[in-house]
Amino acid sequence: MALIPANIVDEILQTARIEEVIGDFVVLKRAGSNLKGLSPFTDERTPSFVVSPGKQIFKCFSTSKGGNVASFLMEKEHFSYPEALKWLANRYNIEIPEEKPLTADELAQITERDSLFIINEFAKDFFVENMHDSDEGKAIGLSYFEERGFTKETIKKFSLGYSIDKSDSFTKRAIERGFKLEYLEKVGLVKSKDDRQFDFFRGRVMFPIQSVTGRVLGFGGRTLSSDKKIAKYFNSPESIIYNKSEILYGLFYAKGDIVKYDNCFLCEGYTDVISMHQAGIQNAVSSSGTSLTKGQIKLISRYTNNITILYDGDAAGIKASFRGIDLILEEGLNVKVVLFPDGDDPDSYSKKVSFTELESYIKDHTQDFISFKSSVLLADANNDPLKKAELIKEITHSVGLIPNEITRVIYTKQVAQIFEIDEAIVQNELLRIRKVSLSKQFQEPEIKELPIYIPSSEPSEVFIDTTSKITESVERELIRMMVIYGDYELIVKNEENELNELSTSVVERICDELKVDGLHFSNPQFANLHQFLQDGIDNQTIYKMSSLTNHHDQEIVKLVSELISDDIDLSPNWAAKHKIVIKHEKDDLDETITHVLNRFKIVKIESIIATIKGKMKDPSTSYEDQLILISEQMGYDRTRAEIAAQLGNVIIK
């Protein structure tokens, strides 16, 4: 593959901003001098992904991946190094000298994954060329899109094309170009039968399906034939570059507006998305005609927690979509629904009205999923009491999937109001559903019924924390590390590429972990010093021990002096005399910090569990609260066991 001149490479890497590029994939929030977000490489709920704008590097602590902006694209999008540079050059409008077409030998040396991407890109251009330069393409493909009301700009933006209705038009051109038949078949563009090859998408208008960075992953092909025996749509088969359950059509163009408006409009098909974008609403995507999946929902959650589903008036389709709504709720996202007039969908309706009218219609007809689902199911109930009871159970089931407790409570009240029944009845059904859900979540046998506690007029038992001395000791150790080694640099190496390193200070490492986990010091003096150090980080100042001992606040000076006195080294003369090798805590500072942080977390979790147990003993605790407390304790027990395993400890319940 042709090399990019060294001066162009330097210009690309100096111009590209890692926080901007990664911001296209990950919602980043300020954390001191760095930025943090959820890892794009793994499924996590606690942010462990760090971007350093100052150093122009990233580090994923969940997967140990790290490097610069090009490294990120290579990891996330499976780009080769030249492809990553080209993508960056295109994003920042840096011109790269025109390359010559790849020779057959050069194509043979490219990896399978890269080959499939190159083939799809070639196919996209071929289909576009067919539609604009051939008589058949103009008469059939281009006229179809124009009849659908798509402008030249829209057709060009989405790279819409046409596959000539000839058995091997694409196949011949691709083989002449030097592409392997094996790879052409893997991406589903060519099929073989009885030693004969033919074009899979022949006679269809073509919709390229792109990744979040614009790479062509596959195609959707729509037939224009009226023969009902012919499938209306063909889609590319799954391959190492195309997993339809994790792809959203139009996301490449929609991601910016999804973040901007903090909402994603979810449509059903390709033309719905294209028409919405053409109408001016560009935060629209679709699941490409397939049922909505968890992978697609997680993809949306990188950019927003709010999804608005756009439905046409087809009743059967609406009922089939209920599963998708439940999946969205289960993933913790907010979901609303817009129902278009009977006979219309986002594609047709957006072409009937102006942008202002479309925007107003969506705003005025957006409803929460409870109201939507209730209205649809009530229409079928026909005042039948048994059917009404079943639909209450079904809607309550949806509410029970919501992980956020406050949101569940609000929707519980709404269900009771809509169906005019006692809220306690809905709560009881919700408790039953939550018990089953928790049992599955934690892979435990179903939670047994709790004893019913009768509130007593006697004072409740007050739980006394008997671990205060242990807490004080562990907190003191952690704050001591922050004072003595605060400005020490920690280097985390990338196991795959030792040239890429991530550096941070001890105090930043500790403060960031405490912030992410929401942990605090119980000791007021320690808490005050921790806040002072955190404020310094926020102002891009890392305090050295000498600065702290000369501080104007004498309370800080006093505490720091006490902590420093704890750090008394064993006499080196004594060690030399007795020929003993002494390993100091700073010899492997990263390991030491990890150990102390884990001890701190264990103590805090123990305290939380103890508090939960104290609340559970309180006779005034309600049945619902008892269940919530059980689920909370189960979660903390598992977290405690995981951290204890890292420490080499055994937790005895």
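Where a number appears in this text, it was derived from the coordinates with a stated rule and is not lab data. These figures come from a predicted structure and were not determined experimentally. With ideal geometry, Cβ positions are generated from the backbone for all residues, glycine too; neighbour counts draw on all protein chains shown.
Spacing of the modelled spin labels on THR594 and ARG17, each 7 Å from Cα toward Cβ, amounts to 3.4 nm.
Could you list, in their original order, any pairs among LYS36/LYS604; LYS65/LYS244; LYS191/LYS351 whose Cα atoms are separated by more than 30 Å? LYS191/LYS351, as the Cα separations exceed 30 Å there.
Any of LYS156/LYS363; LYS156/LYS228; LYS172/LYS232; LYS180/LYS228; LYS29/LYS86 with alpha carbons more than 32 Å apart? Name them for me. Distance filter (> 32 Å) returns LYS180/LYS228.
When the chain is fully extended, how far beyond the present Cα-Cα distance does LYS228 get from ASN7, taking 0.36 nm per residue of separation? Present the calculation step by step, with values, prior to reporting the outcome.
Values: separation 221, 0.36 × 221 = 79.56 nm, distance 5.77 nm.
Stretched out fully, the LYS228 to ASN7 stretch lengthens by 73.8 nm.
Here the peptides 5-15, 276-286, 162-172, 400-410 are ranked by packing, the mean other Cβ count within 10 Å, and the order with the highest first is 276-286, 162-172, 400-410, 5-15.
If I stretch the segment between GLU129 and GLU44 completely, what's the gain in nm (0.36 nm per residue apart, minus their alpha carbon distance), one decimal? Kindly include the intermediate steps, with their values, before the conclusion.
On the way: separation 85, 0.36 × 85 = 30.60 nm, distance 4.33 nm.
Extra length available between GLU129 and GLU44 comes to 26.3 nm.
Peptides 257-263, 190-196: what's the order by average Cβ count within 10 Å, highest mean first? If you can, show how the numbers build up before the last one.
Values: 257-263: 16.1, 190-196: 10.9.
Ranking the peptides 257-263, 190-196 by packing returns 257-263, 190-196.
Students often check this: by mean Cβ neighbours within 10 Å, which of 243-250, 525-532, 374-381 ranks highest, and how do the rest follow? Mind dumping the intermediate values first?
On the way: 243-250: 20.6, 525-532: 16.9, 374-381: 15.1.
Per-residue Cβ counts within 10 Å, averaged per peptide and sorted highest first, yield 243-250, 525-532, 374-381.
Pairs from the table (LYS59/LYS515; LYS435/LYS617; LYS352/LYS388; LYS186/LYS336) lying more than 29 angstrom apart at Cα are LYS352/LYS388; LYS186/LYS336.
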